[in-house]
Amino acid sequence: MFSRIQSKFGTAGLVVAIVALVVALTGAAFAATGLNSKQKKEVTKIAKKYAGKQGPAGAQGPAGPAGKDGTNGTNGTDGTDGKSVVVGTAGAECPAGGATVQVAGEASTKKAVCNGEDGETGFTETLPSGETETGAWAVYNTTTVVPLSFNIPLEAAPTAVRYMNPSGEEKVFNPALPGFEFVAATHCTGDFENPTAPAGEVCVYAEVEEQPAPTFGFVPIGAKLKKYETGVTFQFSVEKDLGQTALGTWAVTAP
């Protein structure tokens, strides 16, 4: 038998056939040393031809032992305890009431939290005492009586109306002359840009005063000088159609 096989394949072919047959029957893999690449291909071809089908999967093996537990980490360092806030009652620093807050044990951190003051209604029937309101005025040619109306009435009529010329001097009546003169201001210390007045008085400030006629000017006394809670009127002495002009601002302060 072997003689017939050997005569068919030759010595090298016989070796290849035997190796291929063993591989096919056992399902094993062999490192066929000593075979050339052609012979290795023959072995693989013959082994595939005669190899049996793959058998069913074997039963699952027993579970392996559990791995060792890991080492627990070390605890972190505890943080520093915080400080509480102390709340107290505010005193003189909060006239409308309030509270104080500070970090416990640290007096330098104490702060006052004050209540807001009550708001006002925004409406007043009369000008509050010590408050000032202002306005503007003008006179031209034959206008001899100038009215000044107060936006907010006073509780009592003003006690005086004073006129300041553009140079900042006050016009007053001097019975010794007899007549009027301008003297240094002692009551009305503002000007036409920033009109002010002492309590209970009206100050009239002239920015422009053109008087081509000698008789033109403010008359601080007389029947036409009227004082009311709602305003005042004062008189200018003018000559008709000579183009006299005066204008400026005024201020009144509630007594």
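The values are calculated or read from the model by the stated rules, or taken from the named source; none is laboratory data. Note that the structure is a prediction, hence the values are computed from the model and not measured. Every residue, glycine as well, gets a Cβ built from its backbone with ideal geometry; the counts of neighbours run over all protein chains shown. The area values use the complete protein model at the heavy-atom level, side chains included, leaving out ligands, DNA and RNA. Shrake-Rupley method; radii C 1.70, N 1.55, O 1.52, S 1.80 Å.
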Practice prompt. Answer with yes or no whether Glu170 is closer than 21 Å to Val208 by Cβ, among the charged types (D, E, K, R) and either touching a residue at least 12 places away in the same chain (Cβ under 8 Å) or not in a loop (DSSP other than H, G, I, E, B) (or both).
Written response: yes
Item to complete: Pull up the stretch 120-140, narrow it to residues that are in contact (Cβ under 8 Å) with a residue 24 or more places away in the chain and loosely packed, with under 14 Cβ neighbours inside 10 Å, then point me to the one that is farthest from Thr253 (Cα to Cα).
Response: Tyr140
Worksheet entry | Residue among Thr233, Thr196, Thr189 that is under 21 Å from Ala246 (Cα atoms), in contact (Cβ under 8 Å) with a residue 60 or more places away in the chain, hydroxyl-bearing (Ser, Thr, Tyr) and not in a strand (DSSP E or B) | Thr196
Worksheet item: Residues in the stretch 145-167: is at least one under 13 Å from Phe234 (Cα atoms), in contact with a Phe, Trp or Tyr (Cβ under 8 Å, 6 or more places away or on another chain) and surrounded by fewer than 16 Cβ atoms within 10 Å (Cβ to Cβ)?
Response: yes
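Condition (residue is over 35 Å from the mean Cα position of the chain (by Cα) and either part of a strand (DSSP E or B) or under 18 Å from Gly248 (Cα atoms) (or both)) applied to the stretch 101-119: is it met by at least one residue? Can you show your working first?
The first filter runs over the stretch 101-119 and keeps only residues over 35 Å from the mean Cα position of the chain (by Cα), leaving none.
No: zero hits.
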Worksheet item: Which residue, of Glu201, Glu207, is open to solvent by 70 Å² or more (accessible area, probe 1.4 Å) and closer than 26 Å to Gly130 by Cα?
Response: Glu207
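Okay, residues lined up against (1) of a type outside the set (A, V, I, L, M); (2) touching a Ser or Thr at 6+ places or on another chain (Cβ under 8 Å); (3) modelled with pLDDT under 90:
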| residue | (1), (2), (3) |
| --- | --- |
| Thr71 | yes, no, yes |
| Thr74 | yes, no, yes |
| Thr80 | yes, no, yes |
| Lys83 | yes, no, yes |
| Val87 | no, yes, yes |
| Ala107 | no, no, yes |
| Val113 | no, yes, yes |
| Asp118 | yes, no, yes |
Discussion item. Here is a check on your reading of the model: is Ala112 surrounded by 12 or more Cβ atoms within 10 Å (Cβ to Cβ) and touching a residue at least 24 places away in the same chain (Cβ under 8 Å)?
Written reply: no
